[in-house]
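Before any comments, here is the structure.
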Amino acid sequence: QVQLVESGGGLVQPGGSLRLSCAASRSISSIHIMAWYRQAPGKQRESVASIISAGLTNYADSVKGRFTISRDNAKNTVYLQMNSLKPEDTAVYYCNAAIYGVNYWGQGTQVTVSS
């Protein structure tokens, strides 16, 4: 089991940046895949970015070149650096850990991109 707590969301203007953090309640070094998802109002939750324990990353086409996922195993934390934000990035962002086929989620953090 693991508890995940996201932070770093907020209101930002288009073109701005935010860094989300996901703090885990236990060591993440053995968690093979950690990821960020998002859910906009009226839409299904979608994968944004993922990172495996070896450091390989994967991104949704809509965020490639703008978002960067990273993990700090020493701090039990996963980050999502979001640059060049667009209004369509507005959503609740969730941290995810997949452990032996079971998905664990944080409570989410709101990101609003608006002028």
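The values are calculated or read from the model by the stated rules, or taken from the named source; none is laboratory data. Because the structure is predicted, anything quoted here is derived from the model rather than measured. Quick reminder, even Gly has a Cβ in these numbers, built from the backbone with ideal geometry, and neighbours come from all protein chains shown. With ligands, DNA and RNA removed, areas are computed over all heavy atoms of the protein, side chains included. Shrake-Rupley method; radii C 1.70, N 1.55, O 1.52, S 1.80 Å.
Loop-located chymotrypsin sites (Phe, Trp or Tyr not before Pro) in the stretch 48-115 (DSSP state other than H, G, I, E, B) with a sparse environment of at most 13 neighbouring Cβ atoms within 10 Å: TYR100. Build a GNM of the chain with springs between Cα atoms under 10 Å apart, and of VAL92, VAL63, VAL102 the one that fluctuates most is VAL102. Within the straight-line cut-off of under 21 Å between alpha carbons, the lysines reachable from LYS86 are LYS43, LYS64, sequence neighbours fewer than 8 places apart in one chain being disregarded. Rg/Rh for the stretch 1-104 (Cα atoms only, Rh after Kirkwood) is 0.95. Largest GNM mean-square fluctuation among ILE28, ILE99, ILE51, using the chain with Cα springs under 10 Å: ILE99. The 1.4 Å probe gives accessible areas that order ILE33, ILE52, ILE69, largest first, as ILE33, ILE52, ILE69.
Sorting LEU11, LEU4 by accessible area puts them as LEU11, LEU4; the probe is 1.4 Å, largest comes first, and only protein heavy atoms count.
When all protein chains stay in place and ligands, DNA and RNA are ignored, the 1.4 Å accessible-area order of ARG45, ARG38, ARG19, ARG26, largest first, is ARG19, ARG45, ARG26, ARG38. Only Lys, Arg, Asp and Glu carry charge here, each on its Cβ (+1 for the first two, -1 for the last two); on that basis the chain has a dipole of about 80 debye about its Cα centre.
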